[in-house]
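Okay, structure first, notes after.
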Amino acid sequence: MRRATTCHVGTRKGLFTIARGASGWSVSRVSFLGDNCTLAVCDPRNGSLLATLNHGHFGVKLHRSRDSGATWAEIGAPAYPPMPEGYVPKMTFSGKPIDWTLRLIWALAPGGSDRPGVLWCGTMPGGLFKSEDDGNSWALNRSLWDDPLREQWTGGGAEYPGLHSICVNPGDSDDIVIGVSTGGAWKTRDGGKSWRIGGKGMRAEYMPPELQYEPNAQDAHLVVQCAAAPDALWVQHHNGIFRSTDRAGSWSEIADVHPSAFGFAVAVHPRDPKTAWFVPAVKDEKRYPANGRVVVNRTHDGGKTFETLTKGLPQEHAYDLVYRHALDIDDSGEVLAFGSTTGSLWVSENGGDSWQTVSLNLPPIHAVRFERAG
Amino acid sequence: MDVEGAHVGEVLDAYFRTNTRARGYVLDDQGRLREHMSIFINGEQLRDRTRLTDPVPPDGMVDVIQALSGG
């Protein structure tokens, strides 16, 4: 499998593309400079690059490039259907009604190699949208949106519930697992016509006792699947790390993780379901690297043991936090990259054994995604 | 720009027909005025941000402005 040589980095002040040159990785292009680029995703089926911008005052927009970011065109952003007359929305923790409008695009995923033009999009508040025309238009998935359990979703750290993970089974495009903060993991086997919540095993120790194991109350921060063994899922959860070997049928908690089991990001090896990477942080309300040391945790044995990788990473007075979409692994399983809220960006070309600094001065980083070939 | 309309919603619709992309920058997907946008009709601030029913007199001036914030 060819190693990635290009990576797209969504930041608070634009989309930065980094490329592997003779002397290492460096910024090769800047798009949308000054704009808040919250996510970028490469579609390996046609080489398209999608970027989401959150303009704040002007709302959330979606742009597409057919030439690796040289030129861009704005395409349709998902829109919620009209709110029914008389509908009374649920209140957030802070007492505001959960708004029935697009607040954030939080996940974008190609719909499978046999579904050209199909894209899935996860949003805040808690929506899943599907496009069948390569992102030009979108429709809300009503079977999930209208599920009474969906109404019970709440905001995690954010005010509104957010759908941040979309795992399309590479061998069956109708088999999709999604992750929600806060709403656990859900699955469909029929391309989104029907949904059911994943099984038990995730645990939220901060919840009232009767809700600690409730699947719909789980604050999954990110759900990822092993491409070659998609029954194997990993979750970086608010309360720790969880793993499923039956495609969200059940979950087991990974214990004794040092320096911390808290974090947002997780990456799994594309062919080895027992190998995964995490970027731990002190929980819960503090959220900085333990002891001011940026480290990556790697397991090769399904979470029985972890190595704490530090070579090339700052080990003194470093307070970089890594968001859920800001760690990625390429299709070779050798090249990883992650970026931080401090604007630091690191790449490893040996599975995390050592890291090279690409920049310590980028804007706060939301998302890191390798370019993928079809 | 001169456009027709008896209330703010109609005036905006008339303008958005000439610039369809602008709609999503001024209004949200429910047709409400975005939070940090404001509209003035002859210097009077819009009251109905949800349905945009404030009347606009003939030859009235509608200003669409934005707040600036962030860092």
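Quick rundown of the values:
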quantity	calculated
Given (1) more than 29 Å from residue A:129 (Cβ to Cβ); (2) within 13 Å of chain A (Cβ to nearest Cβ); (3) not acidic (Asp, Glu), index of the condition residue B:66 fails	(1)
Yes/no for residue A:185 being surrounded by fewer than 20 Cβ atoms within 10 Å (Cβ to Cβ), farther than 20 Å from residue A:41 by Cα and within 16 Å of the chain's Cα centre (by Cα)	no
In the range A:46-61, the residues that are more than 14 Å from every other protein chain (Cβ to nearest Cβ) and crowded, with 20+ Cβ neighbours inside 10 Å	A:49, A:50, A:51
Filtered residues of the range B:47-70 (kept if open to solvent by 80 Å² or more (accessible area, probe 1.4 Å), over 27 Å from residue A:83 (Cα atoms) and at pLDDT below 85)	B:68, B:69
Filtered residues of the range A:235-250 (kept if within 14 Å of residue A:297 (Cβ to Cβ) and open to solvent by less than 10 Å² (accessible area, probe 1.4 Å))	A:236, A:240, A:241
Output for the range A:297-343, where each listed residue is within 20 Å of residue A:361 (Cα to Cα) and hydrophobic (A, V, I, L, M, F, W, C)	A:313, A:318, A:321, A:322, A:326, A:327, A:336, A:337, A:338
Residue count, the range A:123-167 (criterion: open to solvent by 20 Å² or more (accessible area, probe 1.4 Å), among the β-branched types (Val, Ile, Thr) and either in a strand (DSSP E or B) or farther than 21 Å from residue A:325 by Cα (or both))	1
Residue in the range A:272-290 that is assigned to a helix (DSSP H, G or I) and not aromatic (Phe, Trp, Tyr) present	yes
Residues satisfying the stated conditions in the range A:46-63, i.e. touching a residue at least 60 places away in the same chain (Cβ under 8 Å), part of a strand (DSSP E or B) and among the small types (Gly, Ala, Ser)	none
Test: residue in the range A:63-72 that is under 18 Å from residue A:134 (Cβ atoms), open to solvent by less than 50 Å² (accessible area, probe 1.4 Å), modelled with pLDDT of 95 or more and in contact with an Asp or Glu (Cβ under 7 Å, 6 or more places away or on another chain)	yes
Residue that is farthest from the other protein chains (Cβ to nearest Cβ) [pool: residues in the range A:90-114 that are touching a residue at least 60 places away in the same chain (Cβ under 8 Å) and in contact with a Pro (Cβ under 8 Å, 6 or more places away or on another chain)]	A:113
Output for the range A:323-370, where each listed residue is in a loop (DSSP other than H, G, I, E, B), open to solvent by 10 Å² or more (accessible area, probe 1.4 Å) and of a type in the set (Val, Ile, Thr)	A:341, A:342
Residues of the range A:281-306 satisfying the condition of being within 14 Å of residue A:327 (Cα to Cα) and open to solvent by 10 Å² or more (accessible area, probe 1.4 Å)	A:298
Inter-residue pairs, beta-carbon under 6 Å, first within 16 Å of residue A:334 (Cα to Cα) and in the range A:347-368, second of a type in the set (Gly, Ala, Ser) and surrounded by 21 or more Cβ atoms within 10 Å (Cβ to Cβ), 6+ apart	A:347/A:337; A:355/A:348; A:368/A:326; A:368/A:337; A:368/A:339
Among the candidates A:87, A:80, residue that is within 12 Å of chain B (Cβ to nearest Cβ), touching a residue at least 40 places away in the same chain (Cβ under 8 Å), assigned to a loop (DSSP other than H, G, I, E, B) and hydroxyl-bearing (Ser, Thr, Tyr)	A:80
Set A:72, A:25: member being in contact with a Leu (Cβ under 9 Å, 6 or more places away or on another chain), away from chain B (no Cβ under 14 Å) and among the aromatic types (Phe, Trp, Tyr)	A:25
Some residue of the range A:251-266 being touching a residue at least 24 places away in the same chain (Cβ under 8 Å), open to solvent by less than 20 Å² (accessible area, probe 1.4 Å) and assigned to a strand (DSSP E or B)	yes
Hits in the range B:7-46 (condition: at pLDDT below 95, more than 14 Å from chain A (Cβ to nearest Cβ), part of a loop (DSSP other than H, G, I, E, B) and open to solvent by 20 Å² or more (accessible area, probe 1.4 Å))	B:42, B:43
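So that you can scan it fast, the table gives a plain yes or no per residue for (1) under 23 Å from residue A:299 (Cα atoms); (2) at pLDDT 95 or above; (3) open to solvent by less than 20 Å² (accessible area, probe 1.4 Å); (4) in contact with an Asp or Glu (Cβ under 6 Å, 6 or more places away or on another chain):
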position	(1), (2), (3), (4)
A:198	no, yes, yes, no
A:206	no, no, no, no
A:210	no, no, no, no
A:219	yes, no, yes, no
A:225	yes, yes, no, no
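The values are calculated or read from the model by the stated rules, or taken from the named source; none is laboratory data. What you see is a predicted model; the values in this text were computed from it and never measured. Neighbour counts run over all protein chains shown; Cβ positions are idealised from the backbone, glycine included. Side chains are part of the model used for accessible areas, which takes the heavy atoms of the whole protein and leaves out ligands, DNA and RNA. Shrake-Rupley method; radii C 1.70, N 1.55, O 1.52, S 1.80 Å.
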